[in-house]
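Take a look at the structure set out below.
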Amino acid sequence: MRALTWHGKHNVQVDTVPDPQIVNPRDAIIKITATAICGSDLHLYDSMIPGMSNGDILGHEFMGIVEEVGPANTTLKPGDRVVVPFVIACGKCFFCDHKMPAACDNSNPAEKADASEVAYGYAMTGAFGYSHLTGGYAGGQAEYARVPYSDYGPIKIPDGVSDERVLFLSDIFPTGWMAAENAQIKPGDTVAIWGCGPVGLFAIKSAILMGAGRVIAIDHHPRRLELAKQNGAEVLNFHEVKVREALMEMTAGIGPDSCIDAVGMESHGFSPDNIIDAVKQETKILGTDRPHVLRETIMAVRKGGTVSVPGVYGGVADKWPIGAFMEKGLTLKTGQTHVQNYLPDLLQLILDNKIDTTDLISHRLPLEQAAEGYKNFKTNQNEWTKVVLLPH
């Protein structure tokens, strides 16, 4: 089959690789009909996440048609059309039983788990196409994929619903929803969201559906800010204003009730702290992440407020404003998305036409042009807001 593979920093290419096979009784083989490039894929493209190997198959946002199932899988059958969550979870361990599938203890193979246990204290959960820290599983930017524990994760899609309407159930819609949920929004609250990329846009949509009175979106790309406005947000261009001061003025000196960092470890901008972070990040020793946005959310949120962090962080950073965090009495909520928990309700929102999941799609490309998609999604973020790849 054909699949997009990683070969080092800013070097991805479509190669011919072996077709996936059933390995475990609960597996399924999916013929992929649509897949997407995620903002967190760019962390791999930029070589910011350790544990990648030459030839790894990328991609964790995908859906398709079931081709084959293992003998223990009684949930799916060939011909079923499904969306696959990006996190791989067994459905039976302590964490899955406590509705935390993104903390599953069984999906990261024992021979792979040690590296993330050293880095993070405990082994990470398995994920598709996202380094050997998360199990080294082949991703979904390919013609076919093996889906472990497929009787627990994938959700069946009814006939007559286009791929594009439901594809983002694989990651960015649930991630934006959980970000808003973690922000502990009460009716009428003011929510500030940093980053109007795909996750930020879904956080905006989700916050409004959850009853936020005002959503203020922060970015610098004109098209992304326009998409935020079209989805009901007020907008701030961080190249034109001092963000914290602007938020104070917009909230009569109180500050937002909650702030969402939808940017993560590669913050942009020319603030002194971010420039220093960028230098440290290049060394891979003095620091690995650029947490300017996380610092800014902590400083900007009101006293007693909540900071929600869906943006990916992978290593270590310094100058974290722990004093402000403690003295202001803040709550911080973060983590990989418990996708499986949200799928039935979010699918129903789509079917009820309560949310538009397609307005952020800017480009549709055949899989063979995936390298071009990555390059432009990285370097031309104003126009390339979301890329959908079509393997067949």
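Please report the relative contact order for the stretch 161-242, taking Cα pairs under 8 Å with a sequence separation of at least 6, and give it as a percent rounded to a whole number.
26 percent
Given the options Ser116, Ser162, Ser308, which has the most mean-square fluctuation in a GNM of the chain, springs set between C-alpha atoms less than 10 angstrom apart?
Ser162
Rank these by accessible area, largest first, 1.4 Å probe: Lys112, Lys375.
Lys375, Lys112
Taking the square root of 5 times each eigenvalue of the Cα gyration tensor, what semi-axes in Å does the equivalent ellipsoid of the stretch 173-238 have, largest first?
They are 18, 12, 9 Å, listed from largest to smallest.
Among Gly314, Pro50, Pro291, pick out the residue whose Cα is farthest towards the positive end of the charge dipole of the chain, where Lys and Arg carry +1 and Asp and Glu carry -1 on C-beta, about the Cα centre.
Checked the options; the winner is Pro291.
What number do you get for the stretch 26-78 when its Cα radius of gyration is normalised by 2.2 N^0.38 Å, N = residues?
1.46
Okay, helix-only estimate at 222 nm for the chain: each DSSP H run of n ≥ 4 adds -39500 (n - 2.57), divide by all residues, round to 500 deg cm²/dmol; what do you get?
-8000 deg cm²/dmol
Please list Lys77, Lys303 in order of solvent-accessible area, largest first, computed with a 1.4 Å probe with all protein chains present.
Output order, biggest surface exposure first: Lys303, Lys77.
Taking the Cα centre of the stretch 134-245 as the origin, how large is its charge dipole in debye, to the nearest 20, when only Lys and Arg (+1) and Asp and Glu (-1) carry charge on their Cβ atoms?
Dipole of the stretch 134-245, to the nearest 20 debye: 260 debye.
Where does helix 198-209 land angle-wise versus the long Cα axis of the chain, in degrees 0 to 90, nearest 10?
Tilt relative to the chain: about 70 degrees.
For helix 110-120, what angle does its Cα long axis make with the longest principal axis of the chain, in degrees from 0 to 90 and rounded to 10?
0 degrees
If you rank Met124, Met63 by how much accessible surface each has, with a 1.4 Å probe, what is the order from largest down?
Sorted by accessible area, descending: Met124, Met63.
What is the percent of Cα-Cα separations in the stretch 83-167 that go past 19 Å?
41 percent
Can you give the charge dipole size of the chain about its Cα centre, rounded to the nearest 20 debye, using +1 on the beta carbon of Lys and Arg and -1 on the beta carbon of Asp and Glu?
I would put it at about 520 debye.
Can you give the accessible area of His7 in Å² (nearest 10), computed on protein heavy atoms with a 1.4 Å probe?
50 Å²
Placing one identical point scatterer on every Cα of the stretch 1-160 and ignoring solvent, what is log10 I(q)/I(0) from the Debye formula at q = 0.09, 0.20 Å⁻¹?
Results for the stretch 1-160 at q = 0.09, 0.20 Å⁻¹ read -0.27, -1.33.
What figure in square angstrom, to the nearest 10, would you give for the accessible area of Arg81 with a 1.4 Å probe?
Accessible area, nearest 10 Å²: 50 Å².
Among Lys31, Lys328, Lys205, which one shows the biggest mean-square fluctuation in a GNM of the chain, springs joining Cα atoms closer than 10 Å?
Looking only at Lys31, Lys328, Lys205, the largest GNM fluctuation is found for Lys328.
Just subtract the alpha-carbon distance of Asn237 and Asp356 from 0.36 nm times their residue separation and send over the number in nm, one decimal.
Separation in residues times 0.36 nm, less the Cα-Cα distance, equals 40.4 nm.
How high is the relative contact order of the chain, in percent, with contacts defined as C-alpha pairs under 8 Å that are six or more residues apart?
After rounding, I find 17 percent.
Please compute the contact order of the stretch 1-138 in relative form: average sequence separation of alpha-carbon pairs under 8 Å and at least six residues apart, divided by the residue count, as a percent.
21 percent
Quick check: Cα centre of the stretch 85-142 to Cα centre of the stretch 322-338, how many Å?
24 Å
Quick one: among Lys242, Lys229, Lys333, which has the greatest mean-square fluctuation in a GNM of the chain with alpha-carbon springs under 10 angstrom?
Highest fluctuation among the options: Lys242.
Lysines within cross-link reach of Lys303: Cα-Cα under 23 Å, excluding same-chain residues under 8 positions apart?
Within the straight-line cut-off, Lys303 pairs with Lys186, Lys242, Lys319, Lys328, Lys333.
Largest first and in whole Å, what are the equivalent-ellipsoid semi-axes of the chain based on the Cα gyration tensor, each being the root of 5 times an eigenvalue?
33, 23, 21
Roughly speaking, what is the stretch gain from His10 to Gln184, that is 0.36 nm per residue apart minus the C-alpha to C-alpha distance, in nm to one decimal?
58.9 nm
Place a label point 7 angstrom from the Cα of Ala252 along the Cα-to-Cβ direction, then list the residues of the stretch 200-230 whose backbone nitrogen is under 17 Å away.
Inside the label zone: 213-215.
Please compute the volume of the convex hull spanned by the alpha-carbon atoms of the stretch 286-327 and report it per residue in Å³.
So the per-residue Cα hull volume is 68 Å³.
If you count only protein heavy atoms with a 1.4 Å probe, what accessible area per residue comes out for the stretch 312-392, rounded to a whole Å²?
On a per-residue basis, 49 Å².
Give the span of the stretch 287-392's Cα atoms along each principal axis, as three whole-Å numbers ordered largest to smallest.
54, 37, 23
The values are calculated or read from the model by the stated rules, or taken from the named source; none is laboratory data. This one's a predicted model, so the numbers in the text were calculated from it and none came from an experiment. With ideal geometry, Cβ positions are generated from the backbone for all residues, glycine too; neighbour counts draw on all protein chains shown. We work out accessible area using only protein heavy atoms, side chains counted, and drop any ligands, DNA or RNA first. Shrake-Rupley method; radii C 1.70, N 1.55, O 1.52, S 1.80 Å.
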